[in-house]
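Please read the structure below before turning to the comments.
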Amino acid sequence: MAKAKGVRIVVTLECTECRSNTDKRSPGVSRYTSTKNRRNTTARLELKKFCTHCNRHTVHKEIK
């Protein structure tokens, strides 16, 4: 029998400013992984994290 999917899922958070900012310290996009409860948090997750490419704290949004 197949096991049911759990409530907690792993999501990828990506820096929102790396795509449009050309004046970065290094090329690339900052990504983090985190978990969220899909029942309690149905909307996309947004967290302020440190971006190593922008060299400052920026908003990281959940991507698919």
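Please list 3J(HN,Hα) in residue order for region 53-59, calculated via the Karplus relation 6.51 cos²θ - 1.76 cosθ + 1.60 where θ = phi - 60°; whole Hz, with x for glycine and proline.
With the stated coefficients, region 53-59 comes to 7, 8, 6, 6, 7, 9, 7 Hz.
From the P(r) of the chain, could you give the percentage of C-alpha pairs in the tail past 14 Å?
Result for the distance tail: 58 percent.
Accessible area per residue of the chain at 1.4 Å probe, in Å²?
Result: 78 Å² of accessible area for each residue.
Once ligands and nucleic acids are excluded and a 1.4 Å probe is used, how much of residue 48 is accessible, expressed in Å² to the nearest 10?
150
The values are calculated or read from the model by the stated rules, or taken from the named source; none is laboratory data. Because the structure is predicted, anything quoted here is derived from the model rather than measured. Each accessible area value is taken on the protein alone, full model and side chains, heavy atoms only, with ligands, DNA and RNA left out. Shrake-Rupley method; radii C 1.70, N 1.55, O 1.52, S 1.80 Å.
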